[in-house]
1. If a residue has to be free of Cβ contacts under 8 Å to residues at least 60 places away in the same chain and not aromatic (F, W, Y) to count, how many in region 4-25 make the cut?
2. Only residues that are without any contact (Cβ under 8 Å) to a residue 12 or more places away in the chain and either under 30 Å from D130 (Cβ atoms) or touching a His at 6+ places or on another chain (Cβ under 6 Å) (or both): list them for region 26-82, please.
3. Among the residues of region 136-154, is there at least one that is of a type outside the set (S, T, Y), assigned to a helix (DSSP H, G or I) and under 29 Å from S45 (Cα atoms)?
4. Please report, ordered by residue number, the helices (runs of 4 or more DSSP H) entirely within region 1-113 with at least 3 residues that are open to solvent by less than 30 Å² (accessible area, probe 1.4 Å) and touching a strand residue (DSSP E or B) at 6+ places or on another chain (Cβ under 7 Å).
5. Among the listed residues E144, E85, E96, which satisfies the condition of being more than 23 Å from K166 (Cα to Cα), without any contact (Cβ under 8 Å) to a residue 24 or more places away in the chain and of a type outside the set (K, R)?
6. I need the full set of residues from region 134-174 which are under 17 Å from Y51 (Cβ atoms) and open to solvent by less than 80 Å² (accessible area, probe 1.4 Å), in order please.
7. Anything in region 115-133 that is closer than 17 Å to I67 by Cβ, among the polar types (S, T, N, Q) and open to solvent by 20 Å² or more (accessible area, probe 1.4 Å)? List them, or say none.
8. Condition first: in contact (Cβ under 8 Å) with a residue 60 or more places away in the chain and more than 23 Å from I60 (Cβ to Cβ). Now tell me which residues in region 99-140 satisfy that.
Amino acid sequence: MMRKPETNEYPPYYKEYVNNVPDGELIQILDDQQNETKKLLKDLSEETAEYKYAPGKWTIKEVIGHITDTERIMCYRLLSIGRGEQEMLPGYNDDEYVRRGNFNRFSLSDLLHHQALVRQHTILLLSSMDEEALRRRGNANGSEVTARAIGYIIAGHEIHHRRLIKDRYLRSDQ
């Protein structure tokens with residue numbers, strides 16, 4: 001069973017994400033998340049999926065696109081660091097990625113399908129790594145991080161955004 005990373009395995013700004021992940025087997029948690037997010041959003045209308053709770057905020061479709069793009073980037077980092085890459089891996093501007101992703105042109109169902117495919121890739125990659133690879137350290141966006149921590153960051157990032165969707169988009173008092 002993969003242990004949660006120590007605080008020295010990731011930058012402090014990822015602490016919330018790592019702490020969001022419940023105890024248990026990370027691979028199973030990642031697998032279960034697919035169903036939890038799909039269940040949360042499966043009955044939403046396209047109109048509701050394009051709702052913004054405030055000016056300048058993302059729609060639900062854009063949040064799902066963001067989760068997926070971030071996982072793609074984190075998975076590349078996971079692969080690179082797990083394989084021993086010593087070059088610094090670049091950061092990215094999530095607002096620009098969302099803007100240029102044009103996620104509102106896709107159906108919510110298509111976006112959830114894309115997310116599920118990316119998650120399957122993440123699970124396969126994590127499952128293929130041995131303990132040595134998971135402990136490897138690399139540099140992403142100017143900060144040191146282990147491959148193992150990236151797996152937890154991926155899971156915690158989705159939990160973070162699912163909570164925001166529940167609290168800010170799907171509240172019953174709106």
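The values are calculated or read from the model by the stated rules, or taken from the named source; none is laboratory data. Given the structure is predicted, the values throughout are model-derived calculations rather than measurements. Virtual Cβ from ideal backbone geometry, glycine too; neighbours counted across all protein chains shown. Heads up: the accessible areas ignore ligands, DNA and RNA and are worked out on the full protein's heavy atoms, side chains in. Shrake-Rupley method; radii C 1.70, N 1.55, O 1.52, S 1.80 Å.
1. Here is the first cut: in region 4-25, the ones free of Cβ contacts under 8 Å to residues at least 60 places away in the same chain are 6-8, 12-13, 15, 22-25.
Subsequent filtering for residues that are not aromatic (F, W, Y) retains 6-8, 12, 15, 22-25.
Count: 9.
2. Residues satisfying the conditions are Q28, D32, N35.
3. Taking region 136-154 as the starting set, the residues that turn out to be of a type outside the set (S, T, Y) are 136-142, 144-145, 147-151, 153-154.
Those still in the list that are assigned to a helix (DSSP H, G or I) too: 147-151, 153-154.
After this cut, where a residue has to be under 29 Å from S45 (Cα atoms) as well, the list is 154.
Looking through region 136-154, at least one residue is of a type outside the set (S, T, Y), assigned to a helix (DSSP H, G or I) and under 29 Å from S45 (Cα atoms).
4. Values: elements: 15-20, 26-41, 46-49, 60-82, 94-101.
Hits in region 1-113: 60-82.
5. Details: E144 fails: without any contact (Cβ under 8 Å) to a residue 24 or more places away in the chain; E85 fails: without any contact (Cβ under 8 Å) to a residue 24 or more places away in the chain.
Just one listed residue meets the conditions, E96.
6. Here is the first cut: in region 134-174, the ones under 17 Å from Y51 (Cβ atoms) are 161-174.
H161, R162, L164, I165, Y169, L170 - these are the residues of region 134-174 that are under 17 Å from Y51 (Cβ atoms) and open to solvent by less than 80 Å² (accessible area, probe 1.4 Å).
7. Within region 115-133, just Q120 meets the criteria.
8. Those that are in contact (Cβ under 8 Å) with a residue 60 or more places away in the chain and more than 23 Å from I60 (Cβ to Cβ): I123, L126, S127, L134, R137, G138, A140.
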